[in-house]
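Report on the structure given below.
A short reminder: the numbers here are calculations on the coordinates, not readings from a lab. Only a predicted model underlies this, so the values are computations on that prediction, with no experimental measurement involved. FYI the Cβ positions are ideal-geometry reconstructions off the backbone, even for glycines, and counts take in every protein chain you see.
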Amino acid sequence: QVQLVESGGGLVQAGGSLRLSCAASVNIFSFDSMGWYRQGPGKQRELVAAIINGGRTNSADSVKGRFTISTDSAKNMVYLQMNSLKPEDTAVYYCGARVGVSNYYWGQGTQVTVSS
């Protein structure tokens, strides 16, 4: 059974940094893509950054130059380094993994709050 467990969220001041971690219970190469998504108050869940087929990365325009996604395949981990955080980055951040076209697995989410 696939399990994704996020950690690393918290409260940070604007301009600060946080590193989110996602531990997968299976080999991350078994997924077609893995990434980070977020859902802010009153908003729909949106893609933040993803790694596709173990190589190409994709990220939202709003985080380009500030957030970096990376993996450690030996540990089955996915990370999101978030720098220069802004209040609008406040959201619940979810680790997500996709198999095939539409089969998604989700973690429980971790809260990131950026104060101004």
**Prompt:** What nm distance separates the two modelled labels at ARG98 and SER30, each placed 7 Å from Cα along Cα→Cβ?
**Reply:** 2.0 nm
**Message:** For the ranges 99-112, 74-87, what's the packing order if you count other beta-carbon atoms within 10 Å of each residue, average per peptide, and put the highest first?
**Reply:** 74-87, 99-112
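Pop the C-beta distance of GLN108 and GLN81 into the FRET formula with R0 = 22 Å and round what comes out to the nearest 0.05.
Numbers: r = 21 Å, r/R0 = 0.94.
My answer for the efficiency is 0.60.
Quick one: net charge of GLU6's neighbours, Cβ under 13 Å, K/R +1, D/E -1?
Working: positive: ARG19, ARG38; negative: none.
Here the count lands on +2.
Within the stretch 1-66, report the trypsin sites (Lys or Arg not before Pro) that DSSP leaves as loop and that have at most 13 other Cβ atoms within 10 Å. Write down the numbers at each step before the final one.
Details: sites: ARG19, ARG38, LYS43, ARG45, ARG56, LYS64, ARG66; in loops: LYS43, ARG45, LYS64, ARG66.
Filter output for the stretch 1-66: LYS43, LYS64.
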**Asked** Relative contact order for the chain using alpha-carbon pairs under 8 Å, separation at least 6, rounded to a whole percent?
**Response** 36 percent
